[in-house]
1. Please go through the stretch A:51-60 and pick out each residue that is at the interface with chain B (Cβ under 7 Å from one of its Cβ atoms) and not β-branched (Val, Ile, Thr).
2. Within the stretch A:267-276, which residues are among the hydrophobic types (A, V, I, L, M, F, W, C) and within 10 Å of the chain's Cα centre (by Cα)?
3. Would you mind finding the one in A:Ala222, A:Ala240 that is closer than 24 Å to A:Glu37 by Cβ, touching a Ser or Thr at 6+ places or on another chain (Cβ under 6 Å) and in a helix (DSSP H, G or I)?
4. Can you confirm whether the stretch A:38-50 contains a residue that is among the hydrophobic types (A, V, I, L, M, F, W, C) and within 18 Å of the chain's Cα centre (by Cα)?
5. Hey, could you check the stretch A:242-281 for residues that are closer than 18 Å to A:Gly189 by Cβ and basic (Lys, Arg) and say which is farthest from the other protein chains (Cβ to nearest Cβ)?
6. With the condition kept exactly as written, say whether any residue in the stretch A:258-272 is outside any strand (DSSP E or B) and within 20 Å of A:Leu24 (Cβ to Cβ).
7. Does A:Asp49 count as within 23 Å of B:Gly74 (Cβ to Cβ) and either surrounded by 16 or more Cβ atoms within 10 Å (Cβ to Cβ) or β-branched (Val, Ile, Thr) (or both)?
Amino acid sequence: MREIDVSVVTEAISEMCISVNHELSEDMRGALTRAKEMETSQTGRQVLDQLNENLKIAGEEMIPICQDTGMAVVFLEVGQEVHFTGGYIEDAVNEGVRKGYTEGYLRKSVVSDPIERKNTGDNTPAVIHYNIVSGDEVRITLAPKGFGSENMSRVFMLKPAQGIEGVKDAILTAVKDAGPNACPPMVVGVGVGGTFEKAAVLAKQALAEPVGSSTDKPQWAADLEKEMLDKVNGLGIGPAGLGGSVTAISVNVKSYATHIAGLPVAVNICCHVNRHITKII
Amino acid sequence: MEKKLSLPLTKEDALDLRIGDYCFLTGEMYVARDAAHKRLFELIEKGEALPIEIEGETVYYMGPSPAREGRPIGSAGPTTAGRMDKYTPTLLDMGLRAMIGKGKRTPEVYEAMKKNGAVYFAAIGGAGALLSKCIKRSDIVCYEDLGAEAIRRLYVEDFPVIVVADSQGGVLYKDIE
């Protein structure tokens, strides 16, 4: 049994909130630089120049990359040998979000009730996904999600007979509907299988995968990622939706076992500000 | 075509603009998004006076991140305009001349723009740090309790936008089959 004081989690999350909103991961930065070289439209290249300049200003002057600093989504993978001390883990996570969003001059975008819509003033509560894993470590992934792209995300409950072609159609449908609203060039997270909610969680987790990484997945999923990136870019939506050849930076697919009667597909769309950071305690 | 324009936009300027025109805006504009639009609309429905002028004005759909000390504003890029579509035709009929946001609008909004000679600009979504550098002053006008959704008055210099819908019914965003 390893004891971890929950204040360590609070501090880690607070720091992660601030850094993730000012600096993208290296793979995302590299992908946006490469996107400029791949873009064929002049307007598209201008937009990508602005986005790269925006990243530079954000990091150097500590201005958030995007004003929508998101709802904090936290994946907490807790080793079963860990014993949390000093308080309730969920309070500790929310305290970290509160501290990070307040001290980091990040926007408070959360309302306490979806109908009454009163802003909570500190960006809490976070959306927290817990997983018990083996070992004595805690792996925290923070992925703040902006809602311009979240609003364009979809879940499709396909029939098994629709197969891989149905999955492809679902992805294209979601991306076409998203169009300029989702701030392209986008990252497309796809969850295939499981149940209604499992597919959606897989799609969210897929967004946090490194760009272009296709390890540890079935061959069909790796093939699907490549084929759909070409197809999505063939739609011509382009950077900022103003036309061009770079509509998506990456298509990331995750899959899980499912029921004999179903083929759930979730498409979680993220803008080019695809923020995710992981820390192991 | 690149154009430098002053705000408030004149009626002639708005009528002359065409989709694809790349513009740099200098002057004052209002900032309002979802919750502020809802409140304004409730006042209109009750026939009460609005806290801001609509006639001839420009509204930027945006909710900034908080300003650090010594800066007028935090990150300040556009939000999705389509969420305001329910309220927009009424505001256009009241004389709203220009909107800045991102993404597609409903046919009702494009019709009301034609009828009233208005223009819809897009700013680059997700470039909030870059765009904040063009904002020289930001004051809360009303609805401070809404936090990031309060109505603000900005003074901007050479704020970069592109005309994505014009007063002639032109729309730059393509429909994808």
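The values are calculated or read from the model by the stated rules, or taken from the named source; none is laboratory data. Computed from a predicted model, the values in this text were never measured in an experiment. Cβ: placed from backbone, ideal geometry, glycine included. Neighbour counts: every protein chain shown.
1. A:Leu51, A:Glu53, A:Asn54, A:Ala58
2. A:Ile269, A:Cys270, A:Cys271, A:Val273
3. A:Ala222
4. no
5. Result: A:Lys254.
6. For the stretch A:258-272, residues outside any strand (DSSP E or B) and within 20 Å of A:Leu24 (Cβ to Cβ): present.
7. no
Residues are listed down the side, and each one gets a yes or a no for (1) in contact (Cβ under 8 Å) with a residue 40 or more places away in the chain; (2) within 26 Å of A:Ser25 (Cβ to Cβ); (3) surrounded by fewer than 17 Cβ atoms within 10 Å (Cβ to Cβ):
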{"site": "A:Asp169", "(1), (2), (3)": "no, no, yes"}
{"site": "A:Cys183", "(1), (2), (3)": "yes, yes, no"}
{"site": "A:Phe196", "(1), (2), (3)": "yes, no, yes"}
{"site": "A:Val201", "(1), (2), (3)": "yes, yes, no"}
{"site": "A:Ala222", "(1), (2), (3)": "no, yes, yes"}
